[in-house]
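Read the figures in this text as sums done on the coordinates, not as results from a lab. This is a predicted model, so every value here is computed, not measured. Neighbour counts run over all protein chains shown; Cβ positions are idealised from the backbone, glycine included.
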Amino acid sequence: MKRKFVKFLIVFIVLILLLFLCFLIMDELNIINLKNNSSELEEQNNTNFNAEENATENNNQSQVNYEVKETDFTLIDQNGNKVSLADYRGKKVVILYWAVWCPPCKEEIPVIDELNKEYNDAVFLTIVSPTLGENSEYDTYQEEIADYIKTNNIEVPVLIDEGKKCFDIYGIERYPSTIFIDEYGNVKEKLGSKEESGKLSKDEIISKLEQY
């Protein structure tokens, strides 16, 4: 009788242990499934977020790049390269319109040149009027402009306004004129009129850029 009881007890204990082991295995499997599901959900959310972000960027880029403005232009710079204002969509642009014979222009060009090297949040361009200075010693304005650039070590792009195209586009009334253009190619402000010079200091230009 005692032996039967002992056998029964042993069998019972073994069954209990087996059941406990089964519960442990099932619990571990559930944890693994939960982790896998969590990882898949996180990956899916990241994919959806990236897709939405890319769609937004592409939409914004489309709006920025493909809207043609009346104030857009394409000119040749001092190195013979074509430069188009539309190439700089998505960036703020500062344009200095100047002439070789203009004393205030000579003061602002180094400022624009310096900002072109140091200030990364905007593009800086200059457009020079294709006119010979009074009593100029040069035969052509091309020679005068080229020598001016070389003598003054100008590195910022100097665009030659052949036919005075930009002179008319921006309604230039006085040299120098400083023009501020936003990321979408819109003219935000033009400084320089018959009554007032458009010559600005470095701090004034930076302050203007930070306003929009």
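The table below gives the values:
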{"quantity": "Qualifying chymotrypsin sites (Phe, Trp or Tyr not before Pro) in the stretch 155-209, DSSP loop, other Cβ atoms within 10 Å at most 14", "calculated": "184"}
{"quantity": "Neighbourhood net charge (12 Å Cβ-Cβ; Lys/Arg +1, Asp/Glu -1) for residue 91", "calculated": "-2"}
{"quantity": "Potential lengthening between residue 183 and residue 117 on full extension [0.36 nm per residue; Cα-Cα distance subtracted]", "calculated": "21.8 nm"}
{"quantity": "Phi-based couplings in Hz for the stretch 138-144 (Karplus 6.51, -1.76, 1.60; Gly and Pro marked x)", "calculated": "9, 7, 9, 5, 4, 5, 5"}
{"quantity": "Share of Cα-Cα pairs in the stretch 148-212 lying beyond 14 Å, as whole percent", "calculated": "68"}
{"quantity": "Neighbour cut-off at most 10 other Cβ (10 Å), DSSP loop, trypsin sites (Lys or Arg not before Pro), the stretch 167-207", "calculated": "194"}
{"quantity": "Rg followed by Dmax, in Å, when the stretch 74-209 is reduced to its Cα trace", "calculated": "13.9, 42"}
{"quantity": "Rel. contact order, % - alpha carbon contacts under 8 angstrom, at least six apart, the stretch 74-209", "calculated": "31"}
